[in-house]
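Here is the structure we will look at, set down as structure tokens.
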Amino acid sequence: MMPAARESLLDAAYTALARRPWAAVRMVDVAAAAGVSRQTLYNEFGSKEGLARALVRREADGYLAGVDRALTVQSDPRERLMAAAEWTTAAARENALVRAMLTGCWSERLPSPTLTAVPSSSAVPAQRRADGPLPSPGDFVTLVRDRAVAVLAGPGVPRADTADLARSCELVVRLALSCVAAPPDGGGVADLVRGALHRQPV
């Protein structure tokens, strides 16, 4: 199946989820919305659980791609970290799946796939990846922290020399996640990050 068709099916599933609880989303309706047969949908994802895993994987990848973009927008390291924190809170506000992944709080409206890998017999490489382990909130802290360190430290810097930077980056990620769980009043996450980094080595 063409990647574009897979994306169309995931788009259709995401749209359906915005309108009704996952338990009420029917595979036949997702297939019809994407303009393919139900059999094509099953061939691609294997089951409704497989579709859910693929949807969660795509939204996780999209969130991390946004982190990568945010980390390259500015030249000042503190501004880059603030941009990544603001992206995190905005993505969670706009996307219920991203919010659930970052907080670990899956509402009854959402699919709640197990985060551990599931047995996969799929011939579709993208589905085998989706059937692998899905990131937990703790995994996201590590993934975003390590991305930030890699961008801010630059290539070839020994890991031992980035310990302080890694602590600062992790502090920012955890601050952003706290703002997802309990949105701040007033200036929002940028002011919190600015204050936290005031005495931190970046």
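Tabulated data for the structure shown
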| quantity | calculated |
| --- | --- |
| Residue 38-residue 69 FRET efficiency (beta carbon distance; Förster radius 45 Å; 0.05 resolution) | 0.80 |
| From the coordinates shown, semi-axes √(5λ) of the Cα gyration tensor in Å corresponds to which of (i) 35, 18, 14; (ii) 28, 22, 14; (iii) 29, 26, 13 | (i) |
| Percent accessible area from carbon and sulfur atoms, the range 114-202, protein chains only, probe 1.4 Å | 57 |
| Coil-residue GluC sites (Glu not before Pro) of the range 76-153, DSSP, other Cβ within 10 Å capped at 15 | 108 |
| Estimated vicinal HN-Hα couplings, Hz - the range 8-14 in sequence order (Karplus 6.51, -1.76, 1.60; Gly, Pro = x) | 4, 5, 5, 4, 5, 5, 5 |
| On Cα atoms only, tilt of 137-153 relative to the major axis of the chain in degrees | 50 |
| Mean residue ellipticity (222 nm) of the chain, computed from DSSP H runs ≥ 4 via -39,500 (n - 2.57), nearest 500 | -21000 deg cm²/dmol |
| Approximate spin-label separation residue 115-residue 150, in nm, with each point projected 7 Å along Cα-to-Cβ | 2.1 |
| Accessible area (Å², per residue) of the chain, counting only protein heavy atoms and a probe of 1.4 Å | 51 |
| Cβ charges +1 (Lys, Arg) and -1 (Asp, Glu), total dipole of the chain, debye | 320 |
| Relative contact order computed over the chain (Cα-Cα under 8 Å; 6+ residues apart), in percent | 22 |
| DSSP-loop trypsin sites (Lys or Arg not before Pro) across the range 66-158, with at most 16 other Cβ within 10 angstrom | 109 |
| Rounded if a/c under 1.5, otherwise prolate or oblate - the range 106-202, Cα gyration tensor axes | oblate |
| Rounded FRET efficiency, nearest 0.05, which uses the C-beta distance separating residue 26 from residue 90 and R0 of 35 Å | 0.65 |
| Gap separating the Cα centres of the range 146-164 and the range 1-46, nearest whole Å | 40 |
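The values are calculated or read from the model by the stated rules, or taken from the named source; none is laboratory data. The model shown is predicted, which means the values in this text are computed figures rather than measured ones. Positions of Cβ are backbone-derived with ideal geometry, glycine not excepted, and every protein chain shown enters the neighbour counts. These area figures cover heavy atoms from the full protein model, side chains too; ligands, DNA and RNA do not enter into them. Shrake-Rupley method; radii C 1.70, N 1.55, O 1.52, S 1.80 Å.
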